[in-house]
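The values are calculated or read from the model by the stated rules, or taken from the named source; none is laboratory data. Here the structure is a predicted model, which is why all the values come from computation and not from measurement. Note: ideal-geometry Cβ built from the backbone for every residue, glycine included; neighbour counts use all protein chains shown.
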């Protein structure tokens, strides 16, 4: 029997290399530095919408939200007509701890979001309702039923929790050295801070207890504190933002850094307990803007704080057969579970949306596949079927009972909260579909939302975007007009969309006019300059395009679109070396980007690097099988440069069959 | 002891209430919803039941009587009473079709779900409810098949009388059954 490799999966919500890197350079995160030096690290591309319960479930399942069923922070509670925090009962598919448990691994899960009620896995499950203190320290503080599995461990974990009132100055001063200056009667910031630290410490205590005292093969632990530190205090992080008062800046400027140093200390202990033979994977679900890209204000909309999130989180791995001190590229949230399965020589479900990260291996491990882990019978530790539910279907069923007159309608406040949850969940589902390029599905959902909620600009805006992408430009214009009629103040994102529409209509001068209007309102709007660059590119004004795209990258160096467009500009200018450089950057940031792989292939072919050019085109058609241009390039390369006539024929066959499909019958 | 007639809406709960009334049992009802095309003999409902999640003080007045409470609301019954539950069962396809027909008559939209998903949702809800009824000592439950009542009303009336341990007029109970009330016979 082969020895099981242990895996420790650590989630740090919102952790970002932009904050970590200077701390590493200053030697302030030694545990993370040692992890990086022993393994690989890179960006981890998030998903849209960047809402944590959706993302952490995508991480744990390898699937988009439309498959796993977690669509929001809250869900309907049909029995009461109210809403409740999103629960593990609503997850439709197996998580990695279910799959590994079924495969003979002793698995534990701590604090994952969402994970209440705790699942009956073969190890210990501590739900995300564990850590929050909902009573003063001198009152009973019982955990809600279902917080710990197995139930007989409740007593042990109860004692491991840390109450915010237990914290002293010694715990808070590293975060707010001048805490004594705060009038705590009027300013509750220290209370919030204590709560974040105590919650985090409780989760950490649970994790270390299991590592020290229980048999384990896999442990997943989720820390949400960095996200809370950032939402609460990132506006005070250096450099000082203009609207922030100096006094507040001086008080709170160390909180975010303090949060990271705290996490490094905890990481040190986790690594110590895990042992050298364990594969350790440290990830975050998204980054957090910490520089000039911090939004000036938070929009007044549900989950508005998500605008502070950045598209790239972190990934760092070390362990058996993993390269050392290497950078990896193109990793995404959906790739974590397929990678873990591949590491452990277990098959990957073909219904998973991610791919195993092959670039991490010293010796390549060929992935194996099965149709789906959902079809694998046996006890996997998911909640019993009679506990699992689809809260949206149940809510619809309840609406039917209300319409039939058998159940009272919820009161106005409850109904409002319920409607908000239902609408936002559908809105997030539409955005998930857009992320998956299922724009027709997305448009169908958004159309209904827009009809039922005409005043909600966001639904209209995304509907307009779908129509634009689907080339239904007349429909796009109609929706834009409804937004224009309703908007009370200038909405530069709408100018951006109208600019894109004009660009699609080849009305370049008009497009530039809209984009310049947007630039006047918000000169550093993300994506604006990459759009201006595109207009100039279409006008064959390559110098202007280059300038605009370099500006886009100066504002956001991690914009994969700006990198790709700059590659295209350089291809047009026959500056092939630079084209290859920027195309490589683009795919390094977002692997699932077929256009960028195509541009990379073109640049490499011109540089006479035919092998690598072919590889790039192959990746392009793997992601986008219908890309005729890429198939044509492959035919040429295999036939004329690489002397692989059989492969050339293969791609010619694909081109011919595409041609036949297009012929009218 | 409170007698509860339960089940999904349109599973025969009004018919059962009619049978109990005929048999001599006192019902807890009001006239808030009068008889109509969907229930020609009346609904036999008690309006406060609809807000059972919020308020249950009226249950004291249900002692020794029968009251209709749909299945989804049973979980809100407090545990300071004992309940005998007559749970009506009818094929879910028929129940869903009957609900749809009733909604059409009153001009309202029902669940925005495909029929198969609605039936699946009801199935899962019923499984949870059956589990709850079994686990909780305050419930004593008799499951009654709607079609069995239509087919053998007297035998089922005897069965119900035995369960309730009452002295119901079984013959009058069985006369309440009228096959013409079966609106949604599935062919």
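Values for this structure:
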quantity	calculated
Any pair with Cβ under 8 angstrom, 6 or more apart, that starts in the stretch B:40-54 at a residue that is more than 9 Å from chain A (Cβ to nearest Cβ) and ends at one that is in a helix (DSSP H, G or I) and modelled with pLDDT under 90	B:40/B:181; B:41/B:181
Among (1) without any contact (Cβ under 8 Å) to a residue 40 or more places away in the chain; (2) in a loop (DSSP other than H, G, I, E, B) - the single one residue A:84 does not satisfy	(2)
From the options A:326, A:396, residue that is surrounded by fewer than 22 Cβ atoms within 10 Å (Cβ to Cβ) and within 14 Å of chain B (Cβ to nearest Cβ)	A:396
Condition check for residue B:150: within 14 Å of chain A (Cβ to nearest Cβ), in a helix (DSSP H, G or I) and buried (at least 17 other Cβ atoms within 10 Å of the Cβ)	no
Within the stretch A:393-439, tally of residues that are in contact with a helix residue (DSSP H, G or I) (Cβ under 8 Å, 6 or more places away or on another chain) and in a helix (DSSP H, G or I)	23
Number of positions in the stretch A:3-20 that are closer than 29 Å to residue A:342 by Cα and either free of Cβ contacts under 8 Å to residues at least 60 places away in the same chain or not in a loop (DSSP other than H, G, I, E, B) (or both)	9
Lone unmet requirement of (1) in contact with a helix residue (DSSP H, G or I) (Cβ under 9 Å, 6 or more places away or on another chain); (2) over 21 Å from residue A:355 (Cβ atoms) for residue A:661	(1)
Condition met for residue A:219 (under 24 Å from residue A:42 (Cα atoms), assigned to a helix (DSSP H, G or I) and touching a residue at least 12 places away in the same chain (Cβ under 8 Å))	no
Helices (runs of 4 or more DSSP H) wholly inside the stretch A:573-665 that include at least 3 residues being closer than 28 Å to residue A:536 by Cα and modelled with pLDDT of 95 or more	A:576-589, A:594-606, A:610-623, A:628-636
Number of positions in the stretch B:55-106 that are part of a helix (DSSP H, G or I) and either under 22 Å from residue B:119 (Cβ atoms) or within 14 Å of another protein chain (Cβ to nearest Cβ) (or both)	22
Residue list for the stretch B:110-138, filter: free of Cβ contacts under 8 Å to residues at least 60 places away in the same chain, surrounded by fewer than 19 Cβ atoms within 10 Å (Cβ to Cβ) and either more than 7 Å from every other protein chain (Cβ to nearest Cβ) or touching a strand residue (DSSP E or B) at 6+ places or on another chain (Cβ under 7 Å) (or both)	B:114, B:115, B:116, B:119, B:120, B:123, B:130, B:132, B:134, B:135, B:136, B:137
When residues of the stretch A:399-412 are limited to those that are more than 7 Å from chain B (Cβ to nearest Cβ) and either more than 17 Å from residue B:98 (Cα to Cα) or within 33 Å of the chain's Cα centre (by Cα) (or both), the one surrounded by the fewest Cβ atoms within 10 Å (Cβ to Cβ)	A:412
Qualifying residues in the stretch A:91-116 (those that are part of a loop (DSSP other than H, G, I, E, B) and more than 24 Å from the chain's Cα centre (by Cα)) - the one surrounded by the fewest Cβ atoms within 10 Å (Cβ to Cβ)	A:104
Residue A:298, sole failed condition from (1) touching a helix residue (DSSP H, G or I) at 6+ places or on another chain (Cβ under 7 Å); (2) modelled with pLDDT under 95; (3) within 20 Å of residue A:196 (Cβ to Cβ); (4) not in a loop (DSSP other than H, G, I, E, B)	(4)
Matching residues, the stretch A:364-389, being within 14 Å of chain B (Cβ to nearest Cβ) and touching a helix residue (DSSP H, G or I) at 6+ places or on another chain (Cβ under 7 Å)	A:383, A:386, A:387, A:388, A:389
In the stretch A:348-380, residue nearest to residue A:328 (Cα to Cα) [restricted to those that are surrounded by 21 or more Cβ atoms within 10 Å (Cβ to Cβ) and in contact with a strand residue (DSSP E or B) (Cβ under 7 Å, 6 or more places away or on another chain)]	A:360
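For (1) at pLDDT below 95; (2) outside any strand (DSSP E or B); (3) within 24 Å of the chain's Cα centre (by Cα), each residue gets a yes or a no:
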{"site": "A:28", "(1), (2), (3)": "no, yes, no"}
{"site": "A:41", "(1), (2), (3)": "no, no, yes"}
{"site": "A:56", "(1), (2), (3)": "no, yes, yes"}
{"site": "A:66", "(1), (2), (3)": "no, yes, yes"}
{"site": "A:70", "(1), (2), (3)": "no, yes, yes"}
